[in-house]
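Trainee: First the structure, which I've put down as C-alpha cells, then a few questions once you've had a look.
Here, each number is a calculation from the coordinates, and none is a lab measurement. Source: prediction; values computed, not measured. Counting neighbours? That spans all protein chains shown, and the Cβs are built from the backbone with ideal geometry, glycine included.
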Amino acid sequence: MATGTDGHLATDLGTALAKACPATSVHRGGPGDAVDGVVPALVASPRSTAEVAAVVSLAATFGCTLAARGAGTKLDWGRAPESVGLLVDLSRMDHLLEHQAGDFVVRVEAGTRLDRLARHLAATGQRLPVDEVVPGSSVGGVIATGLSGPSRHADGAVRDVLIGVTVVRSDGVVARSGSKVVKNVAGYDLAKLFTGSFGTLGIVTEATFRLRPIARSRQILAATLAGEEELATALAALRGSQIAPAAIEIDRSGAQGAGHGAIEIAVLIEGDEQPLAERAEVCRTLLAPASRARSAPDRTAARSRDTAPAWWGRIPGPVSVKVAIAPALVPDLLADLAACARSRGISLTVRGSAADGVLWAGCSQLGDPAAVGEVLAVARARCAGTGGGAMLLRAPAETKAALDCWGPVRGLDLMRRVKASFDPERLLAPGRFVGGI
C-alpha cells in the first residue's frame with residue numbers, strides 16, 4: 001500500500017493538532033484507514049463542524065493533503081488519491097440535529113448512518129428518499145459519491161432531495177448553502193455541486209434533506225422475461241400507462257452463453273390500499289404479454305411480492321461499472337453486454353433502474369483488466385452521443401491502473417476551474433475524481 005506523506009510532516013502535524021485541537025482524537029494511519037490502497041499518515045476524528053474546520057485549517061498551513069471518511073463503505077471507489085496526509089474521520093459526527101416533521105425536513109451530521117436515520121424517521125411515518133444501496137453507508141458518503149437507488153424513479157436522485165449543506169473548504173473556512181425550508185431554493189446549486197464530487201471540493205459536515213411520508217401500502221410485481229425484446233415491450237407498456245410506479249428495477253445475473261438471457265423485472269407500486277390494488281392489477285396485466293412473448297420453461301407470469309427481491313438496490317461486483325444511458329437504449333445495452341460476456345467467457349451481472357437509465361454491471365473477472373476494459377468500451381460505445389457514460393468505480397488497483405476509469409467527461413475544463421476555485425492547492429483527495437481532479 002502507498003503511504004500518505006513523509007514521517008516528519010506527520011509528526012509535526014500530529015503535534016500541532018494535539019495542541020490546537022485537544023478535543024479531536026488523532027492517531028497514526030494504518031492499513032484499515034486506507035483510501036483505495038493509500039494509507040494516510042494521520043487520522044483525525046473531530047466531533048463537530050467547528051472541529052473539522054480547525055483540523056483542516058491547520059492541515060492547510062502544513063500543505064497536507066486530505067480525504068474524508070464517513071462509514072468507510074466506498075473509499076475504494078473511483079481513482080486512488082495521489083496522497084492522503086490526513087484522513088478526516090467523521091464517524092463521531094452522527095447526530096440528528098433537527099427534524100421538522102411538519103415541514104418534512106431533516107438536518108443531520110455527515111457521519112450519520114442511513115439505517116439509523118431511517119429508524120428514527122419511520123417512527124414519525126416519514127422516510128428519507130435515499131436508498132441504502134451499500135449497507136452501512138453514511139449521509140456524507142452518499143452525498144460524496146452521488147449514490148442513488150430505486151427511489152430515484154419517483155423521488156429523484158440524492159442531489160434532488162438535498163436542500164442544504166454545510167461544508168468545510170480546503171482552507172478551513174465553513175460555508176453553508178441552502179435552507180431548512182423546502183420552498184426556498186437558495187443555495188441549491190452549491191449543494192448539487194458537492195454531490196458526486198468524491199470529496200474533492202470540500203468536506204460535507206451537515207446536510208438538510210426533504211422527506212417523504214411512508215406509503216400506506218406497497219406492492220411489488222415481479223416477472224421473468226426471456227430477453228431484451230421482452231424487456232423493451234414491458235418498459236414501453238409501463239411508460240405508456242398511468243400506474244405511476246415508485247420504482248422499476250431489473251436484474252440479469254451471470255449472463256454468459258446460451259440459456260442465461262433471462263431478465264428479472266420488479267415494479268414497486270405505492271399508495272392507498274384500494275387504488276394500489278387496482279394499479280397493481282393493471283401492472284400485472286402489462287407485464288403478462290412481455291413475460292409470455294415467447295415460450296420458455298423458466299418464465300412465470302407477473303407475481304406479487306410483499307418484499308423486494310434480494311438483488312433489489314444492490315450493486316453487483318466485485319468489479320463494478322456504473323452506466324448512465326438513455327432509458328430507451330437499456331435493452332440494446334443489455335444485448336451488447338451479454339455479447340461481450342459471451343465473447344470473453346466471463347460472468348456479468350447487470351442490474352439497476354431500467355426506467356431511469358442507471359445500471360450497474362458486475363464482473364467476476366478480477367484478474368483480467370482487458371476483459372473489464374472491453375466491458376467499459378462496449379458500454380461507452382452504446383452511450384456515445386447520448387449524454388451518458390460508463391465509469392469503473394470498484395476494481396483491484398492493478399485493474400484501475402490499466403484502464404481509464406471515468407471515460408470521456410463533458411465539461412471537464414469547467415470542472416477543473418471549479419476545483420481550482422474551491423481547492424487551489426489541490427489538498428482535497430487530489431487525483432481521485434475525473435481528469436485527475
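Trainee: Convert each backbone phi in the stretch 323-334 into a coupling constant with the Karplus relation 6.51 cos²θ - 1.76 cosθ + 1.60 (shift: θ = phi - 60°), then list the ³J(HN,Hα) values in order as whole Hz, x for Gly and Pro.
Mentor: Couplings: 10, 10, 8, 4, x, 5, 9, 4, x, 5, 4, 4 Hz.
Trainee: Nearest-5 percent of antiparallel DSSP beta bridges in the chain? Mind dumping the intermediate values first?
Mentor: On the way: 67 of 77 bridges.
About 85 percent, rounded to the nearest 5.
Trainee: Quick check on the chain: take the gyration tensor over C-alpha atoms, sort the square-rooted eigenvalues as a ≥ b ≥ c, and tell me if it's rounded (a/c under 1.5), prolate or oblate.
Mentor: Values: a/c = 2.34, a/b = 1.47, b/c = 1.59.
It is oblate, given that a/c is not under 1.5 and a/b is not larger than b/c.
Trainee: Give the long-range amide H neighbours of Ser25: residues separated by 5 or more places, or on another chain, with amide H under 5 Å away, using H modelled in the peptide plane at 1.01 Å from N.
Mentor: The list, which skips near neighbours in sequence, is Ser45.
Trainee: While we're here: Which trypsin sites (Lys or Arg not before Pro) from the stretch 376-437 combine a DSSP loop assignment with at most 10 other Cβ atoms within 10 Å?
Mentor: Arg410
Trainee: If contacts are Cα pairs under 8 angstrom and at least 6 residues apart, what is the relative contact order of the chain in percent?
Mentor: 15 percent.
Trainee: While we're on this one: What are the ³J(HN,Hα) couplings of the stretch 345-360, residue after residue, when phi is run through the Karplus curve with 6.51, -1.76, 1.60 and θ = phi - 60°? Round to Hz, x for glycine and proline.
Mentor: Residue by residue, the stretch 345-360 yields x, 10, 9, 10, 10, 10, 8, x, 8, 4, 6, 10, x, 10, 10, 10 Hz.
Trainee: Taking the number of other C-beta atoms within 10 Å as the exposure measure, put His8, His120, His153 in order starting with the fewest.
Mentor: Ordered by Cβ neighbours within 10 Å, fewest first: His8, His120, His153.
Trainee: Compute the relative contact order of the stretch 319-402 as a whole-number percentage, counting only Cα pairs closer than 8 Å that sit 6 or more residues apart in sequence.
Mentor: Across the stretch 319-402, relative contact order equals 43 percent.
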